[in-house]
Amino acid sequence: MMEILIVEDEQQQRELVKSIIEQNSDHQCQLAESAEAAIRLLEQRRFDLVLSDWKLNGADGLYLLEQVKINYPHTSFVLMTAYGSISHAVASMRSGADDYLAKPFEKEPLLFALAKLENARLLTEENNQLKQQVVVRESLGNIIGGSAKMQTLYQQIDKVSNTDITVLIHGESGTGKELVAQALHKRSERADKKYLVVNCSAIPETLAETELFGAEKGAYTGASQQKIGKIEAADGGTLFLDEVAELPASIQAKLLRFLQEGTIMRVGSTEEITVDVRVIAASHKSLSDEVDGGRFREDLFYRLNIIPLSVPPLRDRLDDLPELLDHFCLKYAKRHQRKPLVFSKSAMQSLYQHTWPGNIRELGNLIERLSVMNDNQPVTEQDLPFNQTVKSSELLVELPAGGINWDDYEKSILQQALKQSRNNKSKAAKLLGLNYKAFLYRLDKHQISSSD
C-alpha cells in the first residue's frame, strides 16, 4: 500500500483519479489543487508517491517535481501530460520523474504505472534491508552464523551498541561472549578508545581490588609505585568484565558504587576519581541463581542486567555449522599451511549429532587439531574424537548390576582429580580430558571448592 498525493487543478479530474485508484487498490490518496498546496501537505506528512498534472494554476508540475526531488528524494513522482506533449514527457524524465502518463488515460495504464512503482519501492526497501544486514554483519568481527537465533542477537547488538548502557551477556562457556562484547565496543562511539578485558575468575581475591581500582604507592606491602586499575585505565572506553559472577563480595560492593556514581577510589587513597567507562559484563552462570544462593549482590545484578543479551549454544544453532566449518577450515589451513579439510557424509552427520558441550571453542579446537593431523584425506566419522572408543583398560569401569548415581559418581571423580593434582585445577582438568572452563563448570555444578 502506498500513500499517494494527487495534484490536479481541476476538481472533477482529481476526484476521478482518486476514485479509480482507491476502488482498484489498497492505496490511500490525498488531494491538492496546486503545487503550493502540495508542498504544504508534503511538509506535514510523508507520501510514497506524488501524481501531478503538468499544467497547474500557479507553479507547474515540473517545478513541483524539482522541489520533491530536492526535499523528498525517496518520494516517487509521476507527471500527467496532455496527449502528444512529447517534449513535456522528455523534460519530466530528465528532471527525475519516475514515470509519466499521457492524458486522457484509461484505468489500466494508471494502475499498471502504480503497480510498477510499488514493486520498485518494495525491491528498494528489501535491498536496503539486506545492505544494512551486511553492514551489521561486517562490523561484528568474528561472530559467524546467519541462523534465526543469531539474527535476533545481531539485531539486539545493533540496537544497543551505540549507547553507553550497561549490558550483561549470558551464555555457556565457549559460545563467544567476548566476541559479542567486542562487537558492542566496535560499533559504539567509543570504538577508537580503549577496550580492556578483566577475567574475574583469574584474579586472586587478594589482588582483585587493586586490579580493578588501582592503588597508591605504599598502600600495601610491596606497593613501590602507584598502580592504575583497569577501570581508570579504560577511561573514555569500554571495560569488559568476563565471568563477573566470580568477583569477591567485597569487590561487588565497590563495583556497584562505581556503576552508580561513576567514581572510584584507589586503594590507600582518600581522593575520588571520576571516570567515564562503559561496562559490559558476562557470565556462564545464571546471575539470578547466584543471587538466590547468596553469592552475588542483588542490587549489583539489577545494575548490570539493564540490557541482557543471550548467546545461544552451538547445539541450538546447528544451521550455522556449515558456515562455522568453512570459517575454521580456511583459518587453520592458512595458519598451518595445509589444504582445507573436507568432511565425509558420515562425519557431517556425526558433527550434527554431537551435543557440543564446549560450543564454538570446542569446534574450533577440533578443526585445528584435524587440520594438523589429517593427511589430506576426507575426514571420516572415525576421525572424530567423540566417536572413538576408549581402549585403555585402566579407564574402563564396570557398571554394577544395580546401576549408579551419576551425580555422585561425577562429583567423586572431580574430587579425586583435585586431590591427585594437589588442588591444581588446570592439571585436574587435564586428568579428566576437560577444557578448563568445562572443568570449572562441573565444579560449580557440584559446589566443589579446591579446599574440599
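The values are calculated or read from the model by the stated rules, or taken from the named source; none is laboratory data. It should be emphasised that the depicted structure is a prediction, and the values quoted were computed from it without experimental measurement. Glycine also receives a Cβ, built like all others from the backbone with ideal geometry; neighbour counts cover every protein chain displayed. Ligands, DNA and RNA are stripped out before the accessible areas are found, and what is left, the full protein with its side chains, is counted by its heavy atoms. Shrake-Rupley method; radii C 1.70, N 1.55, O 1.52, S 1.80 Å.
Cross-link reach is defined here as a Cα-Cα straight distance under 16 Å, omitting same-chain residues fewer than 8 places apart; for K149 the aspartates and glutamates meeting it are D158, E172, D316, D319, D320, E323. Surface calculation, 1.4 Å probe, protein heavy atoms: I4 sits at approximately 0 Å² accessible. Here the chain has an Rg and Dmax of 32.6, 100 Å, counting Cα atoms alone.
With protein chains left intact and a 1.4 Å probe, residues in the chain average 56 Å² of accessible area per residue.
Determine the shape class of segment 297-452: with a ≥ b ≥ c the square roots of the Cα gyration tensor eigenvalues, call it rounded for a/c under 1.5, and otherwise prolate if a/b is greater than b/c, oblate otherwise.
Working: a/c = 1.95, a/b = 1.25, b/c = 1.57.
Verdict is oblate for segment 297-452.
Against the main long axis of the alpha-carbon atoms of the chain, helix 249-261 sits at an angle near 20°. Only Cα pairs under 8 Å and 6+ residues apart enter the sum, and on that basis the relative contact order of the chain stands at 11 percent. Excluding same-chain neighbours fewer than eight residues apart, the lysines reachable from K186 by a Cα-Cα span under 18 Å are K159, K177, K194.
Of the solvent-accessible surface of the chain, computed with a 1.4 Å probe and all protein chains present, 48% belongs to carbon and sulfur. With coordinates expressed along the principal axes, the C-alpha atoms belonging to segment 175-253 extend over 41, 26, 19 Å, beginning with the largest. Distance from the C-alpha centroid of segment 47-122 to that of segment 155-170: 44 Å, rounded to the whole angstrom.
Accessible area of M93 (1.4 Å probe, protein heavy atoms only, ligands and nucleic acids ignored): about 80 Å². Of the cross-linked pairs K345/K445; K285/K427; K18/K69, which ones have a Cα-Cα span greater than 29 Å in the structure shown? From the list (K345/K445; K285/K427; K18/K69), the Cα-Cα distance tops 29 Å for K345/K445. When T163, T221, T81 are compared by accessible surface with a 1.4 Å probe, the order from highest to lowest is T221, T163, T81. The angle between the Cα long axis of helix 107-138 and the main principal axis of the chain comes to about 20°, on a 0 to 90 degree scale. When GluC sites (Glu not before Pro) are flagged only if DSSP places them in a loop and at most 14 other Cβ atoms lie within 10 Å, the longest unflagged stretch of the chain comes out as 273-397.
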